[in-house]
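Trainee: Can you read through this structure? Questions will come right after.
Read the figures in this text as sums done on the coordinates, not as results from a lab. Bear in mind that the values here come from a model prediction, so they are computed numbers and not experimental data. Every residue, glycine among them, receives a Cβ derived from its backbone with ideal geometry; neighbour counts consider all protein chains shown.
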Amino acid sequence: MVILIKIVCTLTIGCRASIVVRSQPLGLLVARVPVVEARGRRPGRLHERNNVIDPLGAGESLVKTTIAVVFDFDETLAPDTTSSFLNSFGVDVRDFWKNRAQSLIDAGWDPIPAYLYLMIKESEARPAGKRITREALSKWGPRIKLYNGVTRIFGRIEKHAQSIDAEARVEFYVISSGIGEIVRSTKIARYFTEIWASDFEYNAVEEIMFPKKVISFTDKTRYLFHISKGIIGPQSHSTPFEVNKKIPEEDFRIPFNQIIYLGDGFTDIPCFSLVRRQGGIAIGVYDQEDREKWGKAWGFVEDGRVSNLVPADYGQNSALVNSLLMAVGAIANRISLRKKTYQG
């Protein structure tokens, strides 16, 4: 007979322990299974990674060792990329959002297709050679000014997780209502396993012609299920209904309680709610230079949407970095404990 201590930890509450008695020998079994490569540099490549079987589960379930850190992009990792692009094209950004886009919203349009439509109309009104093209969008990406410390945060998070458990792995994702062509050409795009964002269809001369993919409020939650179920990589882009297939939660590649979501705006509220409800961690960020948005950000706290609210500063000792490291550390500790103890 084996006496085990069951330990349950949360980020904000702490740990509690209880005793579980099982008449089964303790042993640590390791299974090697093929999974999708974690880094976006070689999407879809398969490799082997250790997944540890629950010691007292007789091989019934795998302890999942991957943590997903999911970012919104605009005003989470960088100032609004669409606004900066439009400004570079000579568009009056305030008029674009406050008057033109708002008038469509008042007429019943969804905000995301509204701004994509207005960009197409803005392009079409210009002479040939001055229109918005795929090349113009992709060339803007490398020019995006990221928030302080963003380029260094990915390595720090990975090292922190592995300092707690050598088998813990961290994957990074972006789910954005912004323009994919811009986001995928930024200097940090290589760190992400997958980037989902709104996209255009282009005409024969590569000018924007029609919205191809629109990622709005609840659309974002769909991609959280892509992450959790492991439906990622180029092969998943042409099978949009695959994510709707029902699979047991124990077969999810990354459990929701191992997902951390960071976002800044109203389009992130469904993701905040889903992740929190499923035991994950939601962190709200705000641009401390934009006082107009402070009230909106504080509303996330009052409504219980987020676990924490911090300025969008990824500097070494910033509140955001400390919150991220604590969140990743809490999940990595839980992974480590689950490999050693029974959690029935």
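Trainee: What is the log10 of I(q)/I(0) for region 81-141, computed with the Debye formula using one identical point scatterer on each Cα and no solvent, at q = 0.16, 0.20, 0.25, 0.30 Å⁻¹?
Mentor: -0.51, -0.78, -1.12, -1.36
Trainee: If you don't mind, another one. Return the long-range amide H neighbours of Arg253 (sequence gap of 5 or more, or a different chain), with a cut-off of under 5 Å between placed amide H atoms.
Mentor: Under 5 Å from the amide H of Arg253: Lys229, Gly230.
Trainee: Quick one: what are the phi-derived ³J(HN,Hα) couplings along region 88-104, Karplus 6.51/-1.76/1.60 with θ = phi - 60°, whole Hz, x for glycine and proline?
Mentor: Running phi through 6.51 cos²θ - 1.76 cosθ + 1.60 with θ = phi - 60° gives 5, 8, x, 8, 6, 5, 4, 5, 4, 7, 6, 10, 5, 5, 5, 5, 5 Hz.
Trainee: Could you state the number of Å between the C-alpha centres of region 135-211 and region 311-331?
Mentor: Region 311-331 and region 135-211 have Cα centres separated by 19 Å.
Trainee: Spelling out what I want: for every residue of region 258-274, take phi, set θ = phi - 60°, compute 6.51 cos²θ - 1.76 cosθ + 1.60 (Karplus), and round to whole Hz; glycine and proline get x.
Mentor: My calculation for region 258-274 gives 10, 10, 10, 10, 10, x, 10, x, 5, 5, 8, 4, x, 5, 3, 5, 4 Hz in order.
Trainee: For Val63, what residues show an amide H to amide H distance below 5 Å, using hydrogens built from the backbone and excluding near sequence neighbours?
Mentor: The list, which skips near neighbours in sequence, is Val52, Ile53, Asp54.
Trainee: Still on this structure, I have one more. Which FRET efficiency, nearest 0.05, do Asp251 and Lys212 yield, Cβ-Cβ r, R0 35 Å?
Mentor: Details: r = 31 Å, r/R0 = 0.89.
After rounding to 0.05, the efficiency reads 0.65.
Trainee: Within 14 Å, Cβ to Cβ, of Lys212, how many net charges do the neighbouring residues add up to if Lys/Arg are +1 and Asp/Glu are -1?
Mentor: Values: positive: Arg134, Arg184, Lys213; negative: Glu181, Asp199, Glu201, Glu206, Glu207, Asp219.
Net of charged neighbours comes to -3.
Trainee: For every other residue with a beta carbon closer than 15 angstrom to the beta carbon of Lys245, add +1 if it is Lys or Arg and -1 if Asp or Glu, then tell me the sum.
Mentor: Values: positive: Arg222, Lys229, Lys246, Arg253; negative: Glu242, Glu249, Asp251.
Local net charge: +1.
Trainee: What FRET efficiency do you get for Arg190 and Gln162 if R0 is 25 Å and r is their Cβ-Cβ distance, rounded to the nearest 0.05?
Mentor: Working: r = 20 Å, r/R0 = 0.78.
The pair Arg190/Gln162 has a calculated efficiency of 0.80.
Trainee: Through the Karplus equation 6.51 cos²θ - 1.76 cosθ + 1.60, θ set to phi - 60°, convert the phi angles of region 198-211 into ³J(HN,Hα) values in whole Hz; use x for Gly and Pro.
Mentor: 6, 9, 9, 8, 10, 7, 4, 9, 6, 8, 4, 10, 7, x
Trainee: Applying 1/(1 + (r/R0)^6) with R0 = 45 Å to the Cβ-Cβ distance of Lys98 and Lys340, what FRET efficiency is obtained, to the nearest 0.05? Don't jump to the answer; show the numbers that get you there.
Mentor: Details: r = 56 Å, r/R0 = 1.24.
After rounding, the FRET efficiency stands at 0.20.
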